[in-house]
Amino acid sequence: MDQKQIERINELARKAKTPEGLTEWEQAERAALRREYIDSVLGSLRGQLDNTYILDEKGNKRKLQKKGE
């Protein structure tokens, strides 16, 4: 997600707080931009966690695993 899209999300958020509010089209655009932003953040977090290692009490390095594995 680039800076221009984030600025558009913020612009729509400010407009939503005004008395005129958002049109249906703007509400749909805001929802799509929010979903893209959330997916971007989650993807970045997953990438970071995939490259995370834990040191156990013996000093052994092991890869972080999903809960239940």
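Bear in mind that the values in this text are calculations on the coordinates, not laboratory data. Worth saying up front: this structure is predicted, and the values here are computed from it rather than measured. Glycine also receives a Cβ, built like all others from the backbone with ideal geometry; neighbour counts cover every protein chain displayed.
For the chain, how many pairs of lysine residues have a Cα-Cα distance under 22 Å, where the two are 8 or more positions apart or belong to different chains? Intermediate values should be presented prior to the final figure.
Values: LYS4/LYS15; LYS4/LYS17; LYS58/LYS66; LYS58/LYS67.
Lysine pairs meeting both conditions in the chain amount to 4.
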Hz values of 3J(HN,Hα) by residue in segment 6-11 - Karplus curve (6.51, -1.76, 1.60), Gly and Pro given as x: 5, 4, 5, 4, 5, 4
Any idea which of THR52, ILE6, GLY21 is furthest toward the positive side of the dipole for the chain, if Lys and Arg beta-carbons carry +1 and Asp and Glu beta-carbons -1? THR52
Mind pulling up the Rg/Rh value for the chain? Radius of gyration and Kirkwood radius, both on Cα. 1.29
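With runs of 4+ DSSP H residues as the only contributors, calculate the mean residue ellipticity of the chain at 222 nm using -39,500 (n - 2.57) per run, divided by the residue total and rounded to the nearest 500.
Numbers: 2 runs with 41 residues, N = 69.
Value at 222 nm, helices only: -20500 deg cm²/dmol.
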